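Step one of this worksheet: look at the structure below.
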Amino acid sequence: MKYILVTGGVISGIGKGIIASSIGMILKSCGLRVTAIKIDPYINIDAGTFSPYEHGEVFVLNDGGEVDLDLGNYERFLDINLYKDNNITTGKIYQHVINKERRGDYLGKTVQVVPHITDAVQEWVMNQAKVPVDGHKEEPQICVIELGGTIGDIEGMPFVEAFRQFQFKAKRENFCNIHVSLVPQPSATGEQKTKPTQNSVRALRGLGLSPDLIVCRSSTPIEMPVKEKISMFCHVKPEQYIDSLDLEQITKTEDPVKFHEAWQKLCKADGILVPGGFGIRGTLGKLQAISWARAKKIPFLGICLGMQLAVIEFARNCLNLKDADSTEFEPNAAVPLVIDMPEHNPGDLGGTMRLGIRRTVFRTENSILRKLYGDVPFIEERHRHRYEVNPNLISQFEQKGFNFVGQDVDGERMEIIELANHPYFVGVQFHPEFSSRPMKPSPPYLGLLLAATGNLNAYLQQGCKLSSSDRYSDASDDSFSEPRTADLEMS
């Protein structure tokens, strides 16, 4: 087994996850079997209660594990399926060691960070690195490990020490350290500064790890004299240095002018996606976007909360149920259209949602999404939600062509909605993005893109293939010769 450890310096959120995913993708393209592990030094057991503002949205695995979004990058880049134990946290490690101590596994010894915590980290990594993740029974050959946070953080010290020891246990020829750092460029002078990277690498080497590759994040390409300086002071050859440039510009404003500009974009959009979320923030704008998509027959896809809001919008504007609402927003709603699940425990938020892969059964053969999935009777997708559509009210919807075409195996949970007489108005309770891959796009998203470019009907008529010969080949059929560019707007 070969191990690649990706560490970060100067600041957090510097792009270690994308670097780890990209390296894994390169190695897999060479024919190697690759797995990945993310280490988060926080004390939380998992990412289930994290604020998305700090960590990004929570990613859900097949086994129901709520993990850091970086594991989503690993799965998508590498086309693999990971497990909750591929995400290691300080909380998990200490819980594991304390449980062993309570059982008497340490035979009365004083339990300490070194060697007991550090040994537990190494054992966890070695055991999890062997778990097959690509659908085959063969063990991976390479394990890419991302150590979250920044070198020098006090909470990360036990993990750094664990890998200082581990490089000798695995043997030096089987261990590679890639350090991701920052080269700032103050606007006053425009000069690229190497001192933060020098200090970061000095701290890393002082802790017993010496980087084999250095990746530097910067706003502009690194100049050759700067590369040579980093090479000299950080003890790596110039060819062991890689640039990582800023590209992902986002503008956030509440200016009324910007608001109208946003609506102009929405009105010009060929497709509208309303994603999942929690709480009432932003729901008014989402409802307005859904109403626009429904009335103007713009291709629409609603995910989780997006589906629930589509049901609420239709009830208010087409069924005259003006008080229809979700108990998430209004606990005493006069018309509780979206309700708490029976197993939801409001006193304990962590891990109480409906999580992981669940089966959805199609109620009818006359379904766009069923055709996109290959005309199968059921599908299995990952879930992460605490609220669901009230099953007692669905009959009124279907009389108006708002159809609940997919349900859970018991027929009690509404999983998929489709609106009749609309080019593509689809909502799903599950999160298809969790299992979508760049070269194997999830059917709901692919359907939205095809509908937005005017190619959905042709795609369905030729048996859900992008061409008559190969599902993933370039479009060569006449019906795909001049596709329009889809302008997808996320509300």
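Assorted remarks:
- Pairs of Cα atoms nearer than 8 Å and 6+ residues apart set the relative contact order; for the stretch 1-92 it is 32 percent.
- Built amide H within the under 5 Å cut-off of residue 304, gap 5+: 428, 429, 430
- Peptides 161-168, 297-304, 371-378, 212-219 ordered by packing proxy, namely the average of other Cβ atoms within 10 Å per residue, highest first: 297-304, 212-219, 161-168, 371-378.
- Charge tally in the Cβ shell below 13 Å around residue 378, where Lys, Arg are +1 and Asp, Glu are -1, residue 378 excluded: -3
- Per-residue 3J(HN,Hα) values for the stretch 363-376, derived from phi via the Karplus relation 6.51 cos²θ - 1.76 cosθ + 1.60 with θ = phi - 60°, read 7, 8, 7, 8, 9, 4, 5, 4, 5, 5, 7, x, 6, 9 Hz in sequence order (x marks Gly and Pro).
- For residue 373, distant residues with modelled amide H under 5 Å away: none
- Dipole of the chain computed with +1 at Lys/Arg Cβ and -1 at Asp/Glu Cβ about the Cα centre; of 39, 80, 318, farthest Cα towards the positive end is 39.
- Amide H contacts of residue 338 (H built 1.01 Å from N, under 5 Å, at least 5 apart or other chain): 325, 326, 327, 390
- Local net charge near residue 122, Cβ-Cβ under 13 Å (Lys/Arg +1, Asp/Glu -1): -1
- Percent of beta bridges antiparallel (DSSP, the chain, rounded to nearest 5): 35
- Since only 459, 406, 157 are under comparison, the one whose Cα sits farthest along the positive direction of the charge dipole of the chain, derived from C-beta charges on Lys, Arg, Asp and Glu, is 157.
- Relative contact order, percent, the stretch 135-246 [alpha-carbon distance under 8 Å, six or more residues apart]: 24
- Taking 32 Å as the limit for the C-alpha separation, the pairs 2/371; 109/171; 28/169; 28/268; 16/296; 38/171 exceed it in the case of 2/371; 28/268; 16/296.
- Neighbourhood net charge (14 Å Cβ-Cβ; Lys/Arg +1, Asp/Glu -1) for residue 331: -4
- Solvent exposure of residue 126, expressed as accessible area, is near 50 Å², computed with a probe of 1.4 Å over the protein chains only.
- Tail fraction, Cα-Cα pairs, the chain, threshold 34 Å, whole percent: 45
The values are calculated or read from the model by the stated rules, or taken from the named source; none is laboratory data. Since this is a predicted model, take the numbers as computed values, not measurements. Backbone-built Cβ (ideal geometry, glycine too); neighbour counts: all protein chains shown. Side chains are part of the model used for accessible areas, which takes the heavy atoms of the whole protein and leaves out ligands, DNA and RNA. Shrake-Rupley method; radii C 1.70, N 1.55, O 1.52, S 1.80 Å.
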